[in-house]
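What follows is one structure encoded as structure tokens, with my remarks underneath.
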Amino acid sequence: MVKESPTQGDPREDATTGGRLVSLDVFRGLTIAGMILVNNAGDWSHVYPALEHAEWNGWTPTDLIFPFFLFIIGVAMPFSFSKRVERGDSRAKLLKHVFARSMILVALGMLLSGIPNFDFSHRLILNVLQRIGIIYLMSGAIYIFTDEASQAVAAVAGIVLYWILMLYIPVPGYGAGVLAPVGNMWWYVDKVLLQGWHQHLLVVGEYKLHHAEGILSMIPSVSTVLIGSLAGHYLRSERSRIEKAAGMFVAGNIGMLIGVIMSIWFPINKLLWSSSYVVFTAGMALEVLAVCFWLIDIKGFVKWSRPFLVFGSNAITSFFLSTLAALALDLVTVSVVLPTGVAGSESLKDIIYRAIFAPLAGSYNASLLYSIAYLLFWYGVMLVLFKKKIFIKI
């Protein structure tokens with residue numbers, strides 16, 4: 001973690017102009033802002049469907065956030081690694097850098113997962129930051145030791161391999177091609193490898209699953225990052241800016257169409273990280289990046305993007321601190337007289353929500369207002385860092 005100026009050594013440099021690729025920072029910030037918003041409802045019993053994940057097949061806007069972040073990691077790779085290569089870093093040094101970043105992300109994720117009792121058999125592998133760290137390590141290693149064409153092959157291979165594993169390899173006691181919450185290969189691998197672990201239970205209909213994303217689905221998750229790296233190569237090419245924007249827009253539409261067609265056989269499913277989900281969300285990510293690139297780097301419309309640029313400049317810091325604070329608000333309790341008239345204890349979050357937000361609107365809108373207020377609070381914190389030119393790099 002270092003303090004540096006926003007231009008010195010910045011990895012997101014536009015190869016065409018020599019300036020910052022601000023659109024990528026904005027896209028990253030938009031994604032982080034979405035994470036904070038959907039992760040911090042005021043009342044989890046009253047959340048608008050668009051701000052929740054699809055229970056199983058299908059998707060909501062919330063289901064786009066995680067793949068967008070992995071895609072953005074991939075887009076940044078050609079920029080960041082090329083700068084390191086230009087200054088003389090060897091492949092071994094690049095791999096050491098990737099490993100160090102990955103382990104920091106895993107350690108930060110373990111810290112968040114372990115609070116408050118740090119039971120190291122509880123949810124310490126597959127939560128968000130740990131997963132990002134492991135996937136970054138795998139995709140970064142592939143990137144370092146392969147060329148652009150090989151990365152494209154690896155991305156497709158991951159999608160195809162996962163398709164085969166999920167649809168054609170039989171699961172003991174269930175057979176092949178089961179795509180229900182229980183009985184599929186994704187479920188079976190976790191059941192075998194995590195047997196005896198005290199994992200967080202995720203309820204899907206009548207089923208209780210181990211966690212949000214599984215071990216096997218890291219394969220297509222790496223494909224998501226590698227597709228992003230291909231977009232990064234494209235942005236670093238000698239093509240004109242207009243051609244880049246148009247190319248991403250067309251490729252994005254094609255990706256979404258192919259993803260929808262693939263979903264006929266392998267439904268779009270965030271929990272499974274299905275092959276169709278990879279292609280569809282990558283297409284959607286290309287669309288959003290193309291729009292940001294057009295508006296910001298081509299047309300110069302930047303004022304609207306300031307809040308997202310602020311979040312994007314300290315993305316992991318925003319996510320980590322906002323998550324840590326949310327845990328604290330949930331865990332710290334105060335003795336109060338409950339609305340029922342009975343003495344008891346209530347979390348700081350519930351006290352704040354009941355006293356300030358619940359009286360303002362109906363249940364769903366009050367819950368949303370809390371989310372928005374929480375997001376705005378962290379925007380204020382990140383704005384202070386931004387103005388002081390403090391950018392914490394992980």
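What follows draws every value from the coordinates through simple rules; no lab data is involved. All of these numbers come straight from a predicted model, not from anything done at the bench. FYI the Cβ positions are ideal-geometry reconstructions off the backbone, even for glycines, and counts take in every protein chain you see.
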**OP:** Starting from the Cα of ALA50, step 7 Å toward the Cβ, then list every residue of segment 241-277 with an amide N under 20 Å from that point.
**Re:** 270
Subject >> Percentage of interatomic Cα-Cα distances in segment 84-163 larger than 15 Å >> reply: 64
Original post:
Among SER313, SER139, SER335, which one shows the biggest mean-square fluctuation in a GNM of the chain, springs joining Cα atoms closer than 10 Å?
Top reply: SER335
Subject >> Computed magnitude of the charge dipole of segment 239-368 (debye, nearest 20; Cβ of K, R +1, Cβ of D, E -1) >> reply: 440
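Quick one: grab the alpha carbon gyration tensor of segment 254-350, order the square roots of its eigenvalues as a ≥ b ≥ c, and give me rounded if a/c is under 1.5, else prolate or oblate depending on whether a/b is larger than b/c.
Working: a/c = 3.61, a/b = 1.63, b/c = 2.21.
It is oblate, given that a/c is not under 1.5 and a/b is not larger than b/c.
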Original post:
What percent does the relative contact order of segment 255-394 come to when contacts are Cα pairs within less than 8 Å and at least six residues apart?
Top reply: 17
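Looking at the chain, do any whole DSSP H helices span at least 15 angstrom along their long axis by alpha carbon and average -1.0 or above on Kyte-Doolittle, and which?
Details: long enough: 22-38 (24 Å, 1.72); 65-86 (32 Å, 1.32); 91-114 (34 Å, 1.05); 128-145 (26 Å, 1.59); 148-168 (29 Å, 1.53); 218-235 (26 Å, 1.25); 241-262 (31 Å, 1.23); 275-292 (26 Å, 1.64); 315-331 (24 Å, 1.75); 363-387 (36 Å, 1.22).
Helices passing the filter in the chain: 22-38, 65-86, 91-114, 128-145, 148-168, 218-235, 241-262, 275-292, 315-331, 363-387.
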Subject >> Length-normalised contact order for the chain - Cα pairs under 8 Å, 6+ apart - percent >> reply: 27
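To the nearest 0.05, what FRET efficiency results for ILE115 and VAL260 with a Förster distance of 25 Å applied to their C-beta separation?
Working: r = 40 Å, r/R0 = 1.60.
Efficiency, rounded to the nearest 0.05: 0.05.
Tell me, in nm to one decimal, what length is gained between VAL160 and LYS387 on full extension, where the rule is 0.36 nm per residue of separation less the Cα-Cα distance?
Details: separation 227, 0.36 × 227 = 81.72 nm, distance 4.57 nm.
Roughly 77.1 nm would be gained on extension.
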**OP:** Would you look at the GNM of the chain, springs on alpha carbons closer than 10 Å, and say which of LYS244, LYS93, LYS303 moves the most?
**Re:** LYS303
Original post:
Looking at segment 92-196, which chymotrypsin sites (Phe, Trp or Tyr not before Pro) are in a loop (DSSP not H, G, I, E or B) and have at most 15 other Cβ atoms within 10 Å?
Top reply: PHE118, PHE120, TYR174
Original post:
Which value in nm describes the separation of the simple spin-label points at ALA246 and LEU95, placed 7 Å from the Cα toward the beta carbon?
Top reply: 4.2
**OP:** Would you work out the relative contact order for segment 65-300, in percent, from Cα pairs under 8 angstrom that are 6 or more residues apart?
**Re:** 24
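By the gyration tensor of its Cα atoms, with a ≥ b ≥ c the square roots of the eigenvalues, what is the shape of segment 65-300: rounded for a/c under 1.5, prolate for a/b over b/c, or oblate?
Values: a/c = 1.96, a/b = 1.36, b/c = 1.45.
Oblate.
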Subject >> Euclidean distance between Cα centres, segment 222-259 to segment 342-388, Å >> reply: 38
Original post:
If you stretched the chain out fully between ALA152 and GLU86, how much longer would it get, using 0.36 nm times the residue separation minus the C-alpha to C-alpha distance?
Top reply: 21.4 nm
Subject >> ASN365-ARG306 FRET efficiency (beta carbon distance; Förster radius 41 Å; 0.05 resolution) >> reply: 0.95
**OP:** Calculate for the chain the 222 nm mean residue ellipticity that helices alone would give, adding -39,500 (n - 2.57) per DSSP H run of length 4 or more and normalising by residue count, nearest 500 deg cm²/dmol.
**Re:** -19000 deg cm²/dmol
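Counting other C-beta atoms within 10 Å, which of VAL75, VAL302, VAL384 has the fewest, and how do the rest follow?
Working: VAL75 28, VAL302 14, VAL384 11.
Lowest count first: VAL384, VAL302, VAL75.
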**OP:** Might you report the magnitude of the Cβ-based charge dipole of the chain about its Cα centre, with Lys and Arg at +1 and Asp and Glu at -1, to the nearest 20 debye?
**Re:** 1120
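Going by a ≥ b ≥ c, the root eigenvalues of the Cα gyration tensor, does the chain fall in the rounded group (a/c under 1.5), the prolate group (a/b larger than b/c) or the oblate group? Mind dumping the intermediate values first?
Working: a/c = 1.60, a/b = 1.17, b/c = 1.37.
The shape class here is oblate.
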